[in-house]
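Q: Sharing a structure here in structure tokens format.
What follows is calculated from the coordinates using simple rules that are stated; it is not laboratory data. What you see is a predicted model; the values in this text were computed from it and never measured. Please note: Cβ atoms are built from the backbone with ideal geometry, for glycine as well, and neighbour counts cover all protein chains shown.
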Amino acid sequence: MAEADTLTREAIWAVYTPRLLGREMEIYAEIDSTNTRAVALAQRGAPEGILVLADHQTQGRGRLGRQWFAPPGSSLLFSLLFRPPLMVSQAQRVAMVCAVAAVEAIAEVTGLTAQIKWPNDILLEGGKLGGMLTELGGHGAALDYAVVGMGLNVNLDLASLPPVMTPPASLSAALGRKVPRAVLLATFLRRAEALYEALKGGWSPHEAWREHLATLGQRVAVGTPEEVIEGLAEDVDADGALLVRTDEGSLRRILAGDVTLRGERL
Ligand code: BTN
């Protein structure tokens, strides 16, 4: 277990030899943020597929300007660089691929059923198991790159976290044993690579992503920069927008926001 939990090229490649995702990797014992590094690589023309992986981040970043906190060695903290042939408005499809691959990899390695909370959180038994931060670059409407950063609470002692609004979850807490991070990461990369190749071939991940969403059919309050929209989460569309039926009966299409599932402790 100790060996499989070491995040090295060899430990990852022992499980899976990548064609694209993770064929090139940078592995850090400590870095400010894997997303910051991956965006810098993207902006200087690095090829897609590069993986930036860290055992610890000193300035891990979450969505909406939040911090992402994880004690050293407790988590999977990584960012992947994609250059998909998509428009900026379709970029959420890349994040969908990663979210589906994460849920599938968790099921394969641990047997646990995780879900996706719109837009990009990974939930386990109602708690937040992981999150994704997607950062984009474009030329006009065309996407130049998408960096998808993922933080997954693998062997995290939940008591070690500072108080947070959303209750956290971790795989080790749910299972009562540690999970080998290299095996989980390699399994994620294998699944994400297959889905990403399908995406580049014209497949839409929308249905697969939709099947794993915890949000649909729930009353939600979605914070956007302009307002909070309340209503019933009816559906999502192919670009990942959430369709919310308000109490007044109108259907609102929301591309990004922060969701509170009403009536739950999220
Ligand atoms: C969120 O739920 O707010 C998104 C969290 C994303 C955290 C990951 S950890 C690896 C990568 N590097 C970062 O600085 N952030 C993402």
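Q: Taking the beta-carbon count within 10 Å as an exposure proxy, list Ser204, Ser250 from fewest neighbours to most.
A: Numbers: Ser204 14, Ser250 10.
Fewest to most other Cβ atoms nearby, the residues stand as Ser250, Ser204.
Q: Let me understand region 66-143 better: what is its radius of gyration from the alpha carbons, and its Dmax, in angstrom?
A: 14.1, 43
Q: Let me ask something additional. If you stretched the chain out fully between Leu175 and Ala29, how much longer would it get, using 0.36 nm times the residue separation minus the C-alpha to C-alpha distance?
A: 49.9 nm
Q: How many nm separate the modelled label positions at Glu230 and Thr6, each set 7 Å beyond the Cα in the direction of the Cβ?
A: 5.5 nm
Q: A follow-up question, please. Just the projected area, averaged over all directions, of the convex hull on the alpha carbon atoms of region 9-211: how many nm²?
A: In nm², the orientation-averaged hull projection of region 9-211 is 10.6.
Q: Starting from the eigenvalues of the Cα gyration tensor, five times each then square-rooted, give me the equivalent ellipsoid semi-axes of region 92-209, largest first, whole Å.
A: Values: eigenvalues 140, 55, 28 Å².
Largest first, region 92-209 gives 26, 17, 12 Å.
Q: Using the Cα centre of region 113-240 as the reference point, and only Cβ charges (+1 on K/R, -1 on D/E), how large is the resulting charge dipole? Debye, rounded to the nearest 20.
A: Numbers: 10 positive and 16 negative charges, 166 e Å.
That gives a dipole near 800 debye.
Q: Which residues in region 64-94 have a backbone N closer than 19 Å to a point placed 7 Å from the Cα of Asp157 along the Cα-to-Cβ line?
A: 69-76
Q: In addition: Provide the FRET efficiency to the nearest 0.05 for the Ser204-Val164 pair, computing r from the beta carbons and using R0 = 35 Å.
A: Values: r = 33 Å, r/R0 = 0.95.
E between Ser204 and Val164, to the nearest 0.05, is 0.55.
Q: How large is the charge dipole for region 67-166, taken about the Cα centre, if only the Cβ atoms of Lys, Arg (+1) and Asp, Glu (-1) carry charge, to the nearest 20 debye?
A: Numbers: 4 positive and 7 negative charges, 38 e Å.
That gives region 67-166 a dipole magnitude of about 180 debye.
Q: While we're here: Give the cross-link partners of Lys178 among the lysines, using a straight C-alpha distance below 25 Å as the criterion and excluding same-chain residues fewer than 8 apart.
A: Lys178 reaches Lys117, Lys128.
Q: What does the charge dipole of the chain about its Cα centre add up to, to the nearest 20 debye, if the Cβ of each Lys and Arg holds +1 and the Cβ of each Asp and Glu holds -1? Present the calculation step by step, with values, prior to reporting the outcome.
A: On the way: 25 positive and 31 negative charges, 47 e Å.
Computed about the Cα centre, the dipole is about 220 debye.
Q: Using only Cα atoms, locate the centre of region 77-123 and the centre of region 164-220, then give the distance between them in Å, rounded to an integer.
A: Using only Cα atoms to place each centre, the spacing works out to 5 Å.
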